[in-house]
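The block underneath contains the structure these notes are about, expressed in structure tokens.
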Amino acid sequence: MAKFRNAKSYYGNTAEARKRQRANLIPGNAWDKRRRKKLRLDCWWEVMPLGNIQEIYEMYVNKRVIEDTPKREIKDEKYLDEWWEELTIEDKEWIHKWD
């Protein structure tokens, strides 16, 4: 008699086990997956309007909304792009999920 596995034993009991299972289904090695993730996040950043980018920066760095920011403290696009490049992939992912 064949023993069938139930969904719980296949995925594991924790959210982390299910996350690892899904990650294993994505083709490619770890470097390739990380590179694709970085490219996806950078593309998301590039297509956003400047106003949204400034708002994200103010909320992430200064913990305030853009309306409370004096005009002289609003950063330009070049500064914001350099700031984005300095962030780690984990921080970029957190910002993407938060937005």
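See the values below:
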| read-out | value |
| --- | --- |
| Positive minus negative residues near residue 64 (Lys, Arg vs Asp, Glu; Cβ under 12 Å) | -4 |
| Charge dipole (the range 29-98, unit charges on Cβ, about Cα centre) - positive-most of 65, 45, 89 | 89 |
| Sites residue 87 and residue 66, calculated FRET efficiency, Cβ-Cβ separation with R0 30 Å, nearest 0.05 | 0.95 |
| Computed label-point distance, nm, for sites residue 96 and residue 59 using a 7 Å Cα→Cβ extension | 1.7 nm |
| Volume per residue of the C-alpha convex hull in the range 29-98, rounded to whole Å³ | 84 Å³ |
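Values quoted throughout were computed directly from the atomic coordinates according to the rules given, and no laboratory measurement underlies them. Nothing here was measured: the structure is a model prediction, and the numbers come from that model. For neighbour counting, all protein chains shown are included, and Cβ atoms are generated from backbone atoms with ideal geometry for every residue, glycine included.
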